[in-house]
Amino acid sequence: MSWQIKKQDIPFLAIGAKMIACGGGGNTKTIQSLLLSIMKDDDVITVKTMSDIDDEWIVGIGMMGSTILYDENIPSGEEGDQALKVYESIVQRRVDALISVEIGGINALAPLVTAVQNHLPVVDGDSMGRAFPELYMTTFYLNQIPLTPLVLQTHDVSEVIQGIHDIQIAAEKTKDFIATNGGYVHFVGFGAKARKMKTSMIPGSLKLIYRLGMAIKKDISIDQKMEEMLAVFGNSLYGKPHEIIRGEVTDVSKWFEQKSLIGKFTVEGNSSFLNKWVEIEFKNEFIAIKEKQYICTIPDLILVLDEESLAPYSVSEIQEGLSVIIFAVPAPSIIRTKDMLAIIGPHNFDLAVPSKLLQGDCHHEAWN
């Protein structure tokens, strides 16, 4: 059943999107501020669930490139609207609804900006269930929804990529365009009929981040927040969150490699986790938890949360001395299939992981 997003709901969506981004996806504060500046107090965005869509033409919308440059050279907010108009002129049809390609980080909110400007509904779902670094790491690609025609839009330059069926070639052309045009772009692509979207998307992820944000923002005790957060995941396509450790961040090591922020840090346990430690590895996102051996890896979710508020930390915010709680959350089954693991599994992030970690949830026996 459809529901509505109002202006006062945007901060909840922003914090929930940051949490499920697993450390990546960009700073949601910037797009939160942009969206709040665009929305009038009485603006309402209709959210259609999987059962509400039938014959609509739906497209993915978002941004690609450097999230740091996005924060430094803030978009006007018109880029998505401009890209949408170009897209409609190419396909010679009106777009009926928008969907997020990536529910973690900036791209969870990107469709909302264009939806407000065009009085369009958004679909409650996405194609990643978290944040991943590449366009081909999507359920849309896996289910043969074509990326092209793909419209790219900067502040003042538009580019169309079409006639290319290989998504990795299209993605490389996109990266070339980004490199010579300001470091990031807004895009419209992955267009399909609703019937195809229904079988290709991860449903309910927009409502999930809203409910997560609501839980974290409530003025209640940390234990109550944790209970609510667990309940939100429990009533979703995601698995039961497992608390891995509580403790202090130490031994932070970060470096850039091929425009990715890469590194690791250690969490030394306290309280009931005294004398325990884990190592978290990251590559734009948190990708693995190691305790002598890997106990949880991408695509399952690794949440690094503030011990006092449960507010999520991004990779760029990690520093020594932080008091954190680490949770591991099994990803939706749709992104843990054999075919999907081939494009988003640990080997895609240069992790040498035992095959038993890929046969189901994270290495549960090591968590307890």
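The numbers here are math on the coordinates, done by the rules we state, and not lab data. Remember, predicted model here, so these are calculated numbers, not experimental data. In this analysis, Cβ positions are derived from the backbone assuming ideal geometry, glycine residues included, and neighbour counts consider all displayed protein chains.
Could I have the simple spin-label model distance between residue 157 and residue 76, label points 7 Å from Cα toward Cβ, reported in nm to one decimal?
The two pseudo-label positions are separated by 1.6 nm.
Name the long-range amide H neighbours of residue 295: under 5 Å, sequence gap of 5 or more, or other chain; modelled H, no Pro or chain starts.
Residues meeting the amide H criterion: 289, 290.
Between beta-carbons, use under 11 Å as the cut-off and find the net charge around residue 145, counting Lys and Arg +1, Asp and Glu -1.
+2
So which of 198/259; 240/338; 198/338 end up more than 26 Å apart by C-alpha?
Over 26 Å Cα-Cα: 198/259.
Once the mean 1/r over all distinct Cα pairs of the chain is inverted, what Kirkwood radius in angstroms do you read off? If you can, show how the numbers build up before the last one.
On the way: mean 1/r = 0.0486 Å⁻¹.
Evaluated over the chain, this radius sits at 20.6 Å.
If you project the alpha carbons of the range 247-323 onto their three principal axes, what span does each projection cover, largest first, in Å?
Ordered largest first, the range 247-323 gives principal extents of 39, 26, 22 Å.
Please give the length that would be gained between residue 342 and residue 275 if that part of the chain were fully extended, namely 0.36 nm times their separation in residues minus their C-alpha to C-alpha distance (nm, one decimal).
Contour length minus Cα-Cα distance gives 20.5 nm.
Efficiency by 1/(1 + (r/R0)^6): what FRET value for residue 260 and residue 219, r their Cβ-Cβ distance, R0 = 45 Å, to the nearest 0.05?
Calculated transfer efficiency: 0.75.
In the structure shown, do any of 18/175; 218/264; 217/254 have a Cα-Cα gap over 27 Å, and if so which?
From 18/175; 218/264; 217/254, over 27 Å: 218/264; 217/254.
Which order do the peptides 138-149, 96-107, 320-331, 219-230 take when ranked by the mean count of other beta-carbon atoms within 10 Å per residue, highest first?
96-107, 138-149, 320-331, 219-230
Per 5 Å bin from zero, what fraction in whole % of the C-alpha pairs of the range 55-112 is there, up to the bin with the longest pair?
4, 17, 25, 25, 16, 8, 4, 1
Work out how far the C-alpha atoms of the range 8-127 reach from end to end along every principal axis, then list the three figures in whole Å, largest first.
Answer, in whole Å and largest first: 36, 30, 29 Å.
If I take the Cα coordinates of the range 75-168 and project them onto the principal axes, what are the three extents in Å, biggest first?
So the three principal-axis extents are 29, 29, 24 Å.
Go ahead and run the numbers for FRET between residue 195 and residue 250, Cβ-Cβ distance against an R0 of 51 Å, rounding to 0.05. Walk me through the numbers on the way to the answer.
Numbers: r = 51 Å, r/R0 = 1.00.
My answer for the efficiency is 0.50.
Please report the projected area of the range 287-333's Cα convex hull averaged over all directions, in nm².
That works out to 3.9 nm².
Express in whole angstrom the spacing between the alpha-carbon centres of the range 51-77 and the range 1-35.
12 Å
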